[in-house]
Amino acid sequence: MAFKDLRGFIAGLEAAGELQRVAAEVNPDLEIACITDRQSKLPGGGKALLFENVKGSPFPVATNLFGSPARMALALGVPKLDRLSEAMEELLLCPGRAPLPLMSDQAACREVVERAPDLLRYPFLKCWPGDGGRFITLPLVFTRDPETGADNCGMYRVRIFGERSAGVRWKNGSGGWQHHRKYLASGERTPVAIAIGADPALTLAASLPLPAGLDEVSFAGYLRGEPVPMLRCLDSDLLVPADAELVIEGFVEPGVTRNEGAFGNHTGSYDPGEEVPLLTVTCITRRRDPICQATVVGPPPMEDCWMAKAAERLLLPLIRRQCPEVVDLLLPLEGIFHGCALIAIEKSLPGQGRRVLETLRSEGWLKRGKLLVVVDAAETPLTLSEGFWRALNAVNFPRDLAVTPDGCLGVDATRKLPEEGGGQYKELKQDASVSAQVQKRWREYGFF
């Protein structure tokens, strides 16, 4: 069973010896991020961190909670992340297993209602020296389609501008972006709600490109094994997680924007920022003692790498729906989510590797990938070392390369069949009888 809220997850981390409480005073301006960055790069992802004494704010900050495969698996209530592929396969076979949200009128996130909201009172982080300001880095942003009434929960970074103003960076093509465009077209303001510190399953779901017809809240309910309690906002009809730590409500007026400034990114450099819709905050509701969950984005390995590993396992079944010959998928940490992907396939037809590349490039989650490499499936799970070994030894340059107009590279590193100009191929394998003999005599050789 997964956790019902952030506090339950933190308690689970502490029980597992995965949590470090930091009692010393720390500054949300650069210092918390610096500590988190160093922890993230320790063997095993360091520790999950709970900063209990934050300068300038009465509220604690939690970071690096998802910062290892073990912690990510614990967050979702599975023994290992590979189990997520099985869970997604089961859901795709029976979509009705994803429970609808549970409406609630009792909510921890409404123990305190602030009608004179002040965002500057909360310990949102400035992570890198060149950042334009403070950002909410792990927000769950809720919007609704004004035409269909469909809800969306996405993870879009939020820049803090003042006591009652913030900027929301929609991702082009995302659910929130599409909803906002519809409000703009009608000349109406866009209702927005931002939840911070929800249960781990919902936080992960907000970061995923789920297929049409599967909303993030229902999917989170499926992952955690029970419906997510939701509560109607005070100033709009949007629904937010009842057990969140903090909820920010507000509206974006049509056409009102502000430049968010630079943001330190996982590329190791600064995104220069852009004009973003300006959110006017109408109220903040929260627990009496909210924990502000945050993440620090930067050069890998960092916490988002392990969120990407969970995404990899969950989205593999979706890719198999596009291309049934796909056996396995590997997203290297250095690619952060979709930047680079190795795809292992069972090849039986000429041109199959290139067709898989074309399909993945034309639709779905990997179409924005900078580098996609298709290799032949092996008997063992795909690894980065084996994948690139296969690729580098199987590619004929430039025949097997496909470059898109926007500069993305696809590599068909599958073994070429005779119809494709391939030569005789015989895979290296140890003699089966000798391997069996060696296995039987292993201890006799002095190996243990």
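Can you find even one residue in region 359-376 that is open to solvent by less than 50 Å² (accessible area, probe 1.4 Å) and polar (S, T, N, Q)?
yes
Within region 48-86, track down each residue that is under 25 Å from L125 (Cβ atoms), charged (D, E, K, R) and either modelled with pLDDT under 95 or assigned to a loop (DSSP other than H, G, I, E, B) (or both).
Scanning region 48-86 gives E52, K55.
Across region 113-135, what is the total count of residues that are touching a Lys or Arg at 6+ places or on another chain (Cβ under 8 Å), open to solvent by 30 Å² or more (accessible area, probe 1.4 Å) and part of a helix (DSSP H, G or I)?
Going through region 113-135 one residue at a time, the tally reaches 0.
So how many residues does region 274-304 have that are within 26 Å of H180 (Cα to Cα), in contact (Cβ under 8 Å) with a residue 40 or more places away in the chain, open to solvent by 20 Å² or more (accessible area, probe 1.4 Å) and out of contact with any helix residue (DSSP H, G or I) (no Cβ under 7 Å at 6 or more places or on another chain)?
Of the residues in region 274-304, 4 are within 26 Å of H180 (Cα to Cα), in contact (Cβ under 8 Å) with a residue 40 or more places away in the chain, open to solvent by 20 Å² or more (accessible area, probe 1.4 Å) and out of contact with any helix residue (DSSP H, G or I) (no Cβ under 7 Å at 6 or more places or on another chain).
Restricting to region 75-112, name every residue that is surrounded by 13 or more Cβ atoms within 10 Å (Cβ to Cβ), within 30 Å of E163 (Cβ to Cβ) and of a type outside the set (K, R).
Hits for region 75-112 are S104, A107, A108, C109, V112.
Tell me which strands (runs of 3 or more DSSP E) are completely within region 363-448 and hold 1 or more residues being in contact (Cβ under 8 Å) with a residue 12 or more places away in the chain and under 27 Å from the mean Cα position of the chain (by Cα), or say none if there are none.
Correct list: 371-376, 409-412.
Starting from region 152-180, take each residue that is closer than 25 Å to R115 by Cβ and of a type in the set (A, V, I, L, M) and list its partners that are open to solvent by less than 10 Å² (accessible area, probe 1.4 Å) and in a helix (DSSP H, G or I), counting only C-beta distances under 6 angstrom and pairs at least six apart or across chains.
Filtered contacts from region 152-180: I160/L119.
Collect the residues in region 242-266 that are part of a strand (DSSP E or B), buried (at least 20 other Cβ atoms within 10 Å of the Cβ) and among the aliphatic types (A, V, I, L, M), keeping them in residue-number order.
L246, V247, I248, V252
Considering region 166-190 alone, what residues qualify as being in contact with a His (Cβ under 9 Å, 6 or more places away or on another chain) and modelled with pLDDT of 95 or more?
V168, T190
The values are calculated or read from the model by the stated rules, or taken from the named source; none is laboratory data. Fair warning: this is a prediction, and the values are worked out from it, not measured in the lab. Every residue, glycine among them, receives a Cβ derived from its backbone with ideal geometry; neighbour counts consider all protein chains shown. Accessible surface areas use protein heavy atoms only, side chains included; no ligands, DNA or RNA. Shrake-Rupley method; radii C 1.70, N 1.55, O 1.52, S 1.80 Å.
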